[in-house]
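Below: the structure, in structure tokens.
The values are calculated or read from the model by the stated rules, or taken from the named source; none is laboratory data. Given the structure is predicted, the values throughout are model-derived calculations rather than measurements. All Cβ positions, glycine included, derive from the backbone under ideal geometry; neighbour counts span all protein chains shown. Only protein heavy atoms, including side chains, enter the accessible area calculation; ligands, DNA and RNA are left aside. Shrake-Rupley method; radii C 1.70, N 1.55, O 1.52, S 1.80 Å.
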Amino acid sequence: MINNNSSQKDNIERKGTFGNIFSFFSGRKVTLPAESEEGKAMKMNEKLANVIGQSNYISRDLSWLKFNARVLDQACNPERHILDRLKFLAITASNLDEFFTIRVGSLYNYLDYGKERVDYSGLREIPFRKALMTAAQQFSKDQLEVFSELKKSFDDIDFRLVGLDDLTEEEREKAVDYFDRTIYPMLTPMVYDYTHTFPVLLAKVLIFCVVTHDPNRPVKAGEDDENQRMSFVQIPANLPRFMPFERKDETCFLPIEEIIRQEIKKLYRNVDIVAVNLLRITRNGDFTLEESDDIENDFIDEIKQKIKNRRLGRVVRVEIEPAASEWMINLLKKKWEIDDYNLFENGQLIDYTSLWQVIRHPEFRDELPTPPAPVPALGIRREKNTDIFELMKERDILLHHPYNNFEPVLSLLEQAAEDPNVLAIKLTIYRLAKRSRVTEALLKAAENGKHVSVLFEVKARFDEENNIREAQRLQKAGCFVIYGISSFKTHTKLLLVVRNEGSRVVRYAHLSSGNYNEETSKLYTDIGLLTTDEVYTHDISEFFNVITGHSRPNDYEYLITAPRDMRKQLINLIRTEAENAKQGLPSGICIKINSLEDQAIIDELYKASQAGVPIRLVVRGICCLRPHRQGLSENITVRSIVGDFLEHTRLFYFHNNDDPKIYGGSADIMVRSFDRRIESLFLLVDKRVKQQAIQILDYNLRDNVNAYELQEDGNYVKCTVNEETDEPFNIQKKFFEVTQKEVMLARLFVNEIPAEPETEPELSPKQPEPAEEVHK
């Protein structure tokens with residue numbers, strides 16, 4: 001039972017970020033004089049909050065900040081190990097970097113080029129920038145507060161972040177020697193004055209901005225600024241952020257910038273240093289790819305140029321130390337065309353992503369908790385299966401990662417590469433592991449003379465360079481490589497193996513919500529279907545012909561695809577539930593996705609709610625739908641699961657008058673998924689596989705450890721356990737213990753008749769597969 005009592009709400013709302021989207025506006029009750037600047041700002045904030053609250057939709061970007069706040073909430077959990085809490089803080093910092101690079105960058109595309117934009121909140125681009133940057137400022141303050149609290153617990157595992165004053169004389173000598181021998185030769189001061197142009201500074205690296213003055217140049221009254229020079233010293237990204245010092249009873253980490261700050265005078269001989277301030281910039285990295293006629297050459301060159309532009313885009317955020325030189329700040333504001341909204345002060349540690357060096361330090365290797373070993377998927381015998389082809393011919397198998405190992409998928413590829421009867425392999429690739437077994441299997445298959453077709457999505461954000469490199473390796477080995485579709489991003493996850501079995505040719509398929517990435521499969525929750533069903537394999541063959549060639553099949557039997565008609569088909573499924581509800585027939589919708597943003601689908605869900613359809617949504621991240629609003633969405637609940645694993649599964653359940661239709665796949669409910677991506681959803685038809693999907697959704701609705709409930713006002717309330725009546729229900733632990741009987745008895749809606757358990761013996765989860773090293 002979920003206990004969302006008022007005291008819990010009060011607890012969360014006091015944390016700033018976890019209250020209403022603009023609780024940091026409306027929560028301030030101090031009356032200020034109307035004529036004061038602060039009073040005017042307060043009135044403006046209240047006006048923005050009112051506009052946002054009246055909208056039937058929640059802003060995508062403000063909703064994303066709420067998601068990152070839920071991640072930050074994991075760092076606040078005292079039951080977690082201190083390194084685990086630091087890990088979540090580092091994740092929020094990495095998330096925020098990407099948010100500014102892409103989402104804030106996108107907003108500045110409108111601002112800089114005079115394009116009009118109306119956010120879901122109802123705000124136009126200029127007031128929305130103020131609202132968004134104010135919310136981001138508050139989130140950054142929350143990060144700083146969390147880090148300050150975490151530092152108090154560093155002694156728990158005997159480590160500290162230290163300054164130069166905390167070092168012994170011997171340690172200080174080592175630090176200075178490290179600077180002289182290693183750091184100093186790498187540093188390059190870059191001055192900006194009337195004879196030197198403003199230097200190009202890299203994004204997301206630490207930079208010292210140094211203000212100097214020539215003591216030999218006479219200074220006249222009122223001309224101080226004219227005699228000052230500003231220069232920049234970028235700290236090379238290939239230097240470790242911290243210099244560790246191993247002591248008998250503790251490990252100390254000295255930030256490298258403290259060494260450089262102390263010794264920076266060695267870079268500025270015979271001049272006075274007026275100010276030395278550390279900063280870090282984030283640039284606009286949002287770009288839109290144009291169509292290109294020459295896919296093989298020009299398209300890849302365009303991608304490379306866009307990557308380069310990302311490094312040189314306009315500045316959207318400056319993280320800087322407090323009390324920085326006012327003269328320097330004014331100059332930077334003018335040069336970068338920014339204002340105070342873009343300045344984020346941090347007086348403790350700029351760039352929390354650097355904490356990964358501490359988390360992964362060899363001394364703490366055994367400190368972080370490790371997840372349980374994967375258990376066999378239902379339908380896979382406990383003993384190690386040596387022939388994946390025979391196993392797949394027995395029945396459809398639903399894999400649920402990371403609770404089930406990714407090994408069956410890798411085995412399918414690796415056995416196919418070596419099997420002399422395999423004729424062809426077709427695969428879509430979006431993100432790969434750095435040392436990918438998938439790539440190696442495909443290379444081996446090509447070497448063995450098989451026909452290998454790979455659609456590589458080279459536009460996978462921040463993986464473009466890795467994907468281009470791997471694609472070119474495969475192409476050189478003789479694989480048929482398609483470098484994506486210029487106007488669409490290929491996000492679907494499909495694998496097809498064609499095998500000659502004497503009297504017939506059999507096609508083996510894998511359809512998935514997640515990437516063909518053996519590393520993230522240990523960290524992300526996803527589903528994957530292994531099948532030889534000829535309807536699936538025919539649909540997949542047809543879909544590959546659409547992607548790689550020029551084909552327009554009349555219809556698919558088990559697939560729903562985008563950009564063809566996914567939005568339309570989902571709307572039809574929603575409307576069927578609404579019609580059933582109006583006629584008094586059983587109805588219900590349960591959807592688990594990463595993001596919910598498409599307005600057309602949201603509007604249909606609102607209409608279905610008004611028709612009486614119970615709608616249960618599990619949306620990990622962005623949710624632009626506003627639940628529980630009277631006359632609009634009373635029958636809709638939204639929850640978010642945030643825990644040790646990243647929830648990445650997509651499932652769509654439609655009750656369909658007691659004959660459920662359930663789809664899995666790669667797509668979220670977003671405009672980009674329907675209009676700008678190649679996506680697929682696949683219908684689950686096997687009785688037991690359908691029950692597994694129902695049980696996954698059922699468990700997601702029952703979680704009371706990792707779940708947050710979205711309120712009408714945009715506030716997320718953490719679900720809690722009533723200790724008198726309930727037990728903790730943590731799905732990220734429960735899924736390791738699932739039995740076949742529990743799966744077959746699972747149900748979602750009260751009018752749903754549970755399936756009868758099958759008579760075959762249970763596949764016990766108590767004999768797990770051997771544990772593998774988990775990527776952290």
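Filter the stretch 337-369 down to the residues that are touching a strand residue (DSSP E or B) at 6+ places or on another chain (Cβ under 7 Å), open to solvent by 20 Å² or more (accessible area, probe 1.4 Å), at pLDDT 95 or above and in a helix (DSSP H, G or I) and list them by number. Matches in the stretch 337-369: Gln357 only.
Applying the selection to the stretch 484-513, what residues are out of contact with any strand residue (DSSP E or B) (no Cβ under 6 Å at 6 or more places or on another chain) and either assigned to a strand (DSSP E or B) or more than 27 Å from Phe652 (Cβ to Cβ) (or both)?
Start the filter on the stretch 484-513 by keeping residues that are out of contact with any strand residue (DSSP E or B) (no Cβ under 6 Å at 6 or more places or on another chain), which leaves 485-487, 501-505.
Across the stretch 484-513, the qualifying residues are Ile485, Ser486, Glu501, Gly502, Ser503, Arg504, Val505.
If you take the residues in the stretch 112-146 that are open to solvent by 50 Å² or more (accessible area, probe 1.4 Å) and among the hydrophobic types (A, V, I, L, M, F, W, C), which one is nearest to Val315 (Cα to Cα)? Result: Ile126. For the stretch 637-677, the set of residues classified as among the acidic types (Asp, Glu) and free of Cβ contacts under 8 Å to residues at least 40 places away in the same chain consists of Asp659 only.
Yes or no: the stretch 420-438 includes at least one residue that is of a type outside the set (Lys, Arg), in a helix (DSSP H, G or I) and open to solvent by 50 Å² or more (accessible area, probe 1.4 Å). No, the stretch 420-438 contains no residue that is of a type outside the set (Lys, Arg), in a helix (DSSP H, G or I) and open to solvent by 50 Å² or more (accessible area, probe 1.4 Å). Within the stretch 387-419, the set of residues being in a loop (DSSP other than H, G, I, E, B) and within 15 Å of Val452 (Cβ to Cβ) comprises Asp419 only. Residues in the stretch 391-419 that are buried (at least 24 other Cβ atoms within 10 Å of the Cβ) and free of Cβ contacts under 8 Å to residues at least 60 places away in the same chain: Asn404 alone.
Looking across Leu202, Leu150, one residue alone is surrounded by 12 or more Cβ atoms within 10 Å (Cβ to Cβ), in a loop (DSSP other than H, G, I, E, B) and either under 35 Å from the mean Cα position of the chain (by Cα) or not polar (S, T, N, Q) (or both). It is Leu202.
Residues to consider are Glu542, Glu534, Glu519; find the one that is over 30 Å from Ile602 (Cβ atoms), surrounded by fewer than 20 Cβ atoms within 10 Å (Cβ to Cβ) and under 28 Å from the mean Cα position of the chain (by Cα). That would be Glu519, the only listed residue that is over 30 Å from Ile602 (Cβ atoms), surrounded by fewer than 20 Cβ atoms within 10 Å (Cβ to Cβ) and under 28 Å from the mean Cα position of the chain (by Cα). So is Ile52 in contact with a Lys or Arg (Cβ under 7 Å, 6 or more places away or on another chain) and surrounded by 20 or more Cβ atoms within 10 Å (Cβ to Cβ) or not? Answer is no for this residue.
Out of the residues in the stretch 204-240 meeting the condition of being among the charged types (D, E, K, R) and in contact with a helix residue (DSSP H, G or I) (Cβ under 7 Å, 6 or more places away or on another chain), tell me which one is modelled with the lowest pLDDT. Result: Asp225.
Among the criteria (1) within 18 Å of Ser140 (Cα to Cα); (2) at pLDDT 50 or above; (3) surrounded by fewer than 19 Cβ atoms within 10 Å (Cβ to Cβ), the one Lys15 does not fulfil is (2). Remark: Phe645 matches the filter, which requires a residue to be aromatic (Phe, Trp, Tyr) and open to solvent by 10 Å² or more (accessible area, probe 1.4 Å). Picking from residues in the stretch 717-771 that are touching a Leu at 6+ places or on another chain (Cβ under 7 Å) and surrounded by 17 or more Cβ atoms within 10 Å (Cβ to Cβ), the one that is modelled with the lowest pLDDT is Leu763.
One line per residue, one yes/no per condition, for (1) modelled with pLDDT of 95 or more; (2) out of contact with any Leu (no Cβ under 7 Å at 6 or more places or on another chain); (3) assigned to a helix (DSSP H, G or I):
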position: Ile102; (1), (2), (3): no, yes, yes
position: Ser106; (1), (2), (3): no, yes, yes
position: Asn109; (1), (2), (3): no, yes, yes
position: Arg129; (1), (2), (3): yes, no, yes
position: Met133; (1), (2), (3): yes, yes, yes
position: Gln138; (1), (2), (3): yes, yes, yes
position: Lys141; (1), (2), (3): yes, yes, yes
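Scanning the stretch 259-290 for residues that are farther than 30 Å from Val104 by Cα, open to solvent by less than 60 Å² (accessible area, probe 1.4 Å) and among the acidic types (Asp, Glu) turns up just one, Glu263.
Being assigned to a loop (DSSP other than H, G, I, E, B) and either crowded, with 23+ Cβ neighbours inside 10 Å or at positive phi (or both) is a condition met by at least one residue of the stretch 440-450.
Residues that are within 30 Å of Glu534 (Cβ to Cβ) and touching a Phe, Trp or Tyr at 6+ places or on another chain (Cβ under 6 Å), at least 1 per element: which strands (runs of 3 or more DSSP E) completely within the stretch 677-747 meet that?
Numbers: elements: 677-683, 707-710, 716-718.
Ranges flagged: 677-683.
Give the stretch 370-386 a look and list any residue that's among the polar types (S, T, N, Q) and either touching a residue at least 60 places away in the same chain (Cβ under 8 Å) or part of a helix (DSSP H, G or I) (or both), or say none.
Scanning the stretch 370-386 gives a single hit, Thr370.
Screening the candidates Arg80, Arg103 for the property of being within 26 Å of Asp598 (Cβ to Cβ) and out of contact with any Gly (no Cβ under 8 Å at 6 or more places or on another chain) yields one hit, Arg103.
Residue by residue, here is whether (1) among the hydrophobic types (A, V, I, L, M, F, W, C); (2) assigned to a helix (DSSP H, G or I) holds:
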residue	(1), (2)
Glu557	no, no
Gln569	no, yes
Asn572	no, yes
Ala581	yes, yes
Ser587	no, no
Ile591	yes, no
Lys607	no, yes
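When restricted to residues that are open to solvent by 60 Å² or more (accessible area, probe 1.4 Å) and over 29 Å from His538 (Cα atoms), the stretch 549-605 contains 6.
Of the residues making up the stretch 663-686, those that are farther than 21 Å from Gly549 by Cα, over 19 Å from the mean Cα position of the chain (by Cα) and of a type in the set (A, V, I, L, M) number 3. Of note, Glu709 does not satisfy the criterion of being closer than 27 Å to Thr637 by Cα, open to solvent by 50 Å² or more (accessible area, probe 1.4 Å), of a type outside the set (Val, Ile, Thr) and at pLDDT 90 or above. Here Val535 meets the list (1) more than 21 Å from Leu391 (Cα to Cα); (2) part of a helix (DSSP H, G or I); (3) modelled with pLDDT of 95 or more almost entirely, failing just condition (1).
Exactly one residue out of Ile678, Ile615, Ile662, Ile694 is open to solvent by less than 10 Å² (accessible area, probe 1.4 Å) and under 26 Å from Tyr430 (Cα atoms): that is Ile662. The condition of being in contact with a Lys or Arg (Cβ under 6 Å, 6 or more places away or on another chain) and closer than 30 Å to Gly502 by Cβ holds for only one of Val409, Val454, Val422, that being Val422.
Hey, could you check the stretch 58-86 for residues that are open to solvent by 10 Å² or more (accessible area, probe 1.4 Å) and not in a helix (DSSP H, G or I) and say which is farthest from Glu712 (Cα to Cα)? Out of the qualifying residues, it is His81.
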